[in-house]
1. Going by a ≥ b ≥ c, the root eigenvalues of the Cα gyration tensor, does region A:214-316 fall in the rounded group (a/c under 1.5), the prolate group (a/b larger than b/c) or the oblate group?
2. Taking the Cβ of A:L288 as the centre, find all other residues whose Cβ is under 15 Å away and add up their charges (Lys, Arg: +1; Asp, Glu: -1).
3. Treat each spin label as a single point 7 Å out from the Cα along the C-beta direction, and report the B:V302 to B:L282 distance in nm.
4. Tell me the angle of helix A:2-24 to the major Cα principal axis of chain A, expressed in degrees between 0 and 90 and rounded to the nearest ten.
5. Would you work out which of B:I55, B:S239, B:L323 lies farthest towards the positive end of the dipole of the protein assembly as shown, given +1 charges on the beta-carbon of Lys and Arg and -1 on that of Asp and Glu, about the Cα centre?
6. Calculate the mean, over all residues of peptide B:166-175, of how many other protein chain Cβ atoms lie within 10 angstrom of the residue's Cβ.
7. Any number yet on Rg/Rh for chain A, C-alpha, Kirkwood?
8. FRET efficiency for B:S258 and B:R147, Cβ-Cβ distance as r, R0 = 45 Å, nearest 0.05?
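Coordinate-derived values only; no laboratory data. Just so we're clear, the structure is a prediction, and the values are computed from it rather than from any experiment. Because the Cβ atoms are built from the backbone with ideal geometry, glycine has one as well, and the counts that use them run over all protein chains shown.
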Amino acid sequence: MRRLLQAVPLVLGAAVVTWILIHAAPGDPIVALAGEDGDAGYYAMMRERFGLDRPLHEQLFVYLGRLAQGDLGFSYRQNRSAASVILDQLPATLLLMVPALAIASVIGISVGTLAAARKNSALDNTARTATLLGHAVPVFWLSQVLLLLFALRFDWFPVQGRSDARADYEGFRAVLDVAHHMVLPIAALVTVYVPPIMRVTRAAVIENLDEMYIRAARARGQSRRRVLIRHALPNAMLPIVTVIGSQIGFMFAGSVLVETVFAWPGLGRLLLSAILARDFAIITAMLLMLSVTIILMNLITDLVYSLLDPRVRHGT
Amino acid sequence: MTEPLLSVEGLRTHFFVDAGVVKAVDGVGFHIRRGEVVGLVGESGCGKTVTSLSIAGLIESPGRIVEGSVRFDGTELVGASERVLNTVRGPRIAMIFQQPRASLDPVMSVGRQIGQALKSGTGMDRSARRRRAVELLDRVGISDPDRRVREYPHQLSGGMAQRVMIAIALAGEPDLLIADEPTTALDVTVQAQILELLRELQSANGMAVILITHDLGVIAEIADRAAVMYAGRIVEECSISELYDAPLHPYTLGLMESRPAASRSKSRLRVIPGSVPVPLDLPVGCSFAPRCAPRVESGLTVCTEQAPDPVSPRDGHHVRCWLHG
């Protein structure tokens with residue numbers, strides 16, 4: 001609860017900073033909206049309507065005042081509230097992120113644990129090399145390669161979008177269609193998420209395998225495998241949870257690129273188009289949402305800590 | 001005489017590290033009969049712990065048992081499969097360690113860790129294991145065992161943690177308990193309690209005990225026989241009374257003389273000159289020769305040329321020393 005209160009000034013600070021940054025950036029939303037050679041009177045009318053003619057600090061106070069009432073702002077471009085635009089796109093993004101993170105966690109934790117158990121083996125070396133590659137490859141490039149190879153060259157998966165625009169599937173068939181469209185973007189996201197999870201798992205499990213309680217557990221007849229799964233891994237979970245939690249915050253960065261390449265109608269693409277259109281309300285609302293998500297994830301991570309570790313639970 | 005419960009012969013455990021081969025245990029042999037308490041004494045780094053881990057098959061890479069035999073109740077343990085070893089460790093040979101709190105899994109409750117030791121072989125269900133865990137905690141003198149069984153290691157003091165470790169060790173009713181410096185990390189008053197508990201349980205259960213320690217006082221308290229280790233070898237093995245009254249090896253003599261004693265509390269402590277040889281670079285001949293005053297006095301040259309084999313000047317008293325060969 002105290003942590004929650006501490007988060008309030010943090011969110012406020014984030015809101016002010018993003019708002020100032022965006023208004024300091026060049027570009028005029030009205031020009032972007034109405035075109036470059038429009039009527040000056042029309043420009044002025046629009047500016048007045050959205051309050052853009054007032055001094056900047058006044059605009060900021062208006063923004064913060066509305067924010068305090070839960071109003072995230074108004075999208076000039078889409079002519080409706082920023083909140084409703086974002087809520088419309090959120091499910092599509094979650095549809096990619098949740099499975100991608102789940103798959104990446106399972107792969108990262110299991111491969112990391114195995115690599116730790118067989119330190120310096122062929123499996124470990126392969127996993128570590130793959131991790132380095134996964135780290136080094138830019139996700140937009142990887143997305144395009146996946147797209148070129150598996151969608152265009154082999155034609156196994158659809159190229160872009162969330163569903164087939166030409167077919168009009170219903171029921172289960174529609175679900176399958178969406179799932180088919182999800183494969184490539186999720187594969188790209190998984191490639192980005194796995195390396196940090198795997199690396200942290202490997203390091204934490206190796207560290208715990210050296211602990212004395214591992215030897216003591218072996219001394220009471222626990223097999224190597226049981227010791228790994230029942231003792232080393234649970235003790236390694238804290239750093240693993242931390243890295244997964246922190247990734248959720250950074251996911252948007254990856255999703256902007258992946259969603260753009262695969263024309264996925266999610267938040268990432270929305271953010272990109274909002275930036276191009278100088279749609280201030282959408283940009284600030286999304287960045288604000290992002291900082292709130294990161295702060296929330298930290299809180300949730302702390303909660304999971306106390307579930308996993310009795311020492312945290314008992315506050316020692 | 002019946003076959004000993006445990007006989008270790010010519011055991012060599014070496015560690016293959018970048019700098020070379022560390023011969024942590026280099027030709028250790030001894031045996032233990034059922035119900036016997038043997039003290040394994042020596043300075044830090046002489047190979048006591050590696051010996052005990054070798055017996056239990058718990059040597060991890062880069063270490064390896066390169067030679068020798070560990071026969072336990074008719075079964076050869078060196079080279080035995082993990083499956084066999086997993087049935088021996090715990091129910092037949094149990095171990096307790098120097099750092100009791102670090103030897104307990106911090107995120108698993110005390111009861112579950114005792115339960116693990118009960119699980120192998122007994123076929124008890126969960127609630128039966130829980131009941132037995134409470135009984136065992138009670139047996140090792142932990143008050144309020146119903147509550148303690150649900151607690152986690154960080155809620156225990158060092159002495160209590162060692163009692164829990166002993167409860168885990170007792171769970172399988174082992175024939176042999178290896179206690180590796182079980183009291184070193186504890187307060188003096190707690191040390192005495194733990195030793196008392198070990199002695200009491202040992203005589204009640206009739207299990208054999210290998211007590212590893214650098215503390216000769218501890219050995220005197222509970223051991224029947226003692227084996228003195230130096231630089232990876234057992235240099236002397238004899239009964240406790242002979243260890244105190246008539247030690248033969250110059251190293252053992254040095255150890256006995258370097259004990260602080262109340263009667264001569266004002267005089268300076270005697271020390272053994274020099275230090276334990278680096279295990280990477282053991283001297284040729286007897287490892288103790290460079291520090292051995294009696295050797296210099298006697299003028300023996302063989303000490304620095306050839307390692308002595310064990311000899312038995314008295315019945316049941318073995319010593320590796322040219323002065324007695």
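1. Oblate, since a/c reaches 1.5 and b/c is not below a/b.
2. Around A:L288, the charge tally is -1.
3. 1.9 nm
4. 50 degrees
5. It is B:S239, whose Cα lies furthest towards the positive end.
6. 1
7. That ratio equals 1.06.
8. It comes to 0.50.
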